[in-house]
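A.B. asks: Right, I'll just put the structure down here and ask away after.
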């Protein structure tokens, strides 16, 4: 949360940053174990590697689907540039992709972290973006929930993998003009009343009655299945960023649900929701990606803001080593923001090692809180 000293907008900014770091207690748990396709077994080097690269996501008909990652060294599977076009991740460093053709279709499939409850209503959402290379498009997407594991294709030959699924999805999204947007991400969201015990989710194109040929490709990111709110609101989560290319002047920001008040003091301190690190690590954990992406949104809207990123450690190990580790943590966060097109001149990093703990280092819980990065926003 932001804490603005002596500010009349204190509570509004508290609410905004609660949204920013995506951990508001009133929000229901997302039942998708890896919403942004960040948990990988290996970095992709080519198209069609989603099945072998991703930990939680597979293809229900045991065929191929695509996986793209910012760290990929293969020109076909990178971010933003890849075989099917140019697209930055909706959040984080990765996304998936599916091809949709006349007699061939790819899907993404995952097991929910817990089964859906009988007669409970869930909000289901995900983001899509059409390939800029493929001119064709579709006007329907579907979400299929199933109780059992991947579909039985024991009688299908290897040459028939990726055949179009004939199942009827419980959730159907239809846009008659077609999902043609390739410059930004489009959010699809809908309520679903569960029959109970649905364990698996599949996203893709299920329509089998299209008369004209299809040759389309779509990117997919940030999938969510969570209990609906009391008022059954199922709008897409705001505060995310969709980037049309590497030029920050062409960034589309979805802040339709977030009110950001003009800053009125010289400093805003950002210490409550720290970015936490594992022992002896300076790698940002995926759970903090969305918060950092929303920080990017904030900085793009407020070009007069600079930030100071400070890294910290617990008291385990050598003092000099911890000082270097704290600097590495701060620089890791800076690199993330720079990769999202925040100018490096707006970012200052410092490492304090063990010298500024926020709690005692006499327990594992205390040490975990001290292994952190804090961010200070300064108005120029």
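The values are calculated or read from the model by the stated rules, or taken from the named source; none is laboratory data. Keep in mind that what you see is a predicted model, and the values were worked out from it rather than measured. Cβ sites come from the backbone with ideal geometry, for glycine too, and all protein chains shown count toward neighbours.
A.B. asks: So how many residues does the range 180-205 have that are assigned to a loop (DSSP other than H, G, I, E, B), more than 20 Å from the chain's Cα centre (by Cα) and crowded, with 19+ Cβ neighbours inside 10 Å? Spell out the reasoning first.
C.D. replies: Within the range 180-205, the subset assigned to a loop (DSSP other than H, G, I, E, B) is 180-185, 194-199, 205.
Applying the additional criterion that residues be more than 20 Å from the chain's Cα centre (by Cα) yields 180, 194-199, 205.
With crowded, with 19+ Cβ neighbours inside 10 Å added as a condition, the list becomes 198, 205.
Total satisfying the criteria: 2.
A.B. asks: Still on this structure: Looking at the range 95-107, which of the residues that are over 13 Å from residue 57 (Cα atoms) and modelled with pLDDT of 90 or more is farthest from the chain's Cα centre (by Cα)?
C.D. replies: So the first thing to find is which residues in the range 95-107 are over 13 Å from residue 57 (Cα atoms), and the list is 99-105.
In the following step, the residues that additionally are modelled with pLDDT of 90 or more were identified as 99-100.
On the way: 99: 21, 100: 23 Å.
For the range 95-107, the residue satisfying everything is 100.
A.B. asks: Follow-up. Could you count how many residues in the range 329-360 are surrounded by fewer than 17 Cβ atoms within 10 Å (Cβ to Cβ) and over 20 Å from residue 305 (Cα atoms)?
C.D. replies: Final tally of qualifying residues: 5.
A.B. asks: Here is a list of conditions, (1) within 30 Å of residue 298 (Cβ to Cβ); (2) at pLDDT 85 or above; (3) crowded, with 20+ Cβ neighbours inside 10 Å; (4) out of contact with any helix residue (DSSP H, G or I) (no Cβ under 9 Å at 6 or more places or on another chain), and residue 85 meets all of them except one; can you say which number that is?
C.D. replies: Failing condition for residue 85: (3).
A.B. asks: Pick from the range 23-49 the residues that are touching a strand residue (DSSP E or B) at 6+ places or on another chain (Cβ under 9 Å) and at pLDDT below 65: which of them is nearest to residue 108 (Cα to Cα)?
C.D. replies: 28
A.B. asks: Inside the range 163-185, can you point out the residues that are without any contact (Cβ under 8 Å) to a residue 60 or more places away in the chain and farther than 30 Å from residue 118 by Cα? Spell out how you get there, then give the answer.
C.D. replies: Within the range 163-185, the first condition is being without any contact (Cβ under 8 Å) to a residue 60 or more places away in the chain, and the residues that meet it are 166-181.
Within the range 163-185, 176, 177, 178, 179, 180, 181 qualify.
A.B. asks: Since residue 290 meets every condition but one in (1) touching a residue at least 60 places away in the same chain (Cβ under 8 Å); (2) more than 21 Å from residue 71 (Cβ to Cβ), which condition does it not meet?
C.D. replies: (2)
A.B. asks: Quick check on my filter: what residues within the range 257-299 are part of a loop (DSSP other than H, G, I, E, B) and modelled with pLDDT under 85? Outline the logic, then answer.
C.D. replies: From the range 257-299, those part of a loop (DSSP other than H, G, I, E, B) are 257-266, 277-285; that's our starting set.
Listed by number, the residues that qualify are 257, 258, 259, 260, 261, 262, 263, 264, 265, 266.
A.B. asks: Is there a residue in the range 234-245 that is in a loop (DSSP other than H, G, I, E, B), closer than 30 Å to residue 203 by Cα, more than 18 Å from the chain's Cα centre (by Cα) and modelled with pLDDT under 85? Spell out the reasoning first.
C.D. replies: As a first pass, look at the range 234-245 and keep what is in a loop (DSSP other than H, G, I, E, B): 234-240, 244-245.
Okay, now just the ones that are also closer than 30 Å to residue 203 by Cα, so 234-240, 244-245.
From the residues that got through so far, the ones that are more than 18 Å from the chain's Cα centre (by Cα) too are none.
Scanning the range 234-245, I find no residue that is in a loop (DSSP other than H, G, I, E, B), closer than 30 Å to residue 203 by Cα, more than 18 Å from the chain's Cα centre (by Cα) and modelled with pLDDT under 85, so the answer is no.
A.B. asks: Since residue 309 meets every condition but one in (1) at pLDDT below 90; (2) touching a strand residue (DSSP E or B) at 6+ places or on another chain (Cβ under 6 Å); (3) within 22 Å of residue 89 (Cβ to Cβ), which condition does it not meet?
C.D. replies: (1)
A.B. asks: If you check residue 325 against the conditions, is it touching a residue at least 60 places away in the same chain (Cβ under 8 Å) and either assigned to a helix (DSSP H, G or I) or more than 15 Å from residue 91 (Cβ to Cβ) (or both)?
C.D. replies: Numbers: touching a residue at least 60 places away in the same chain (Cβ under 8 Å): no; either assigned to a helix (DSSP H, G or I) or more than 15 Å from residue 91 (Cβ to Cβ) (or both): yes.
It is false that residue 325 is touching a residue at least 60 places away in the same chain (Cβ under 8 Å) and either assigned to a helix (DSSP H, G or I) or more than 15 Å from residue 91 (Cβ to Cβ) (or both).
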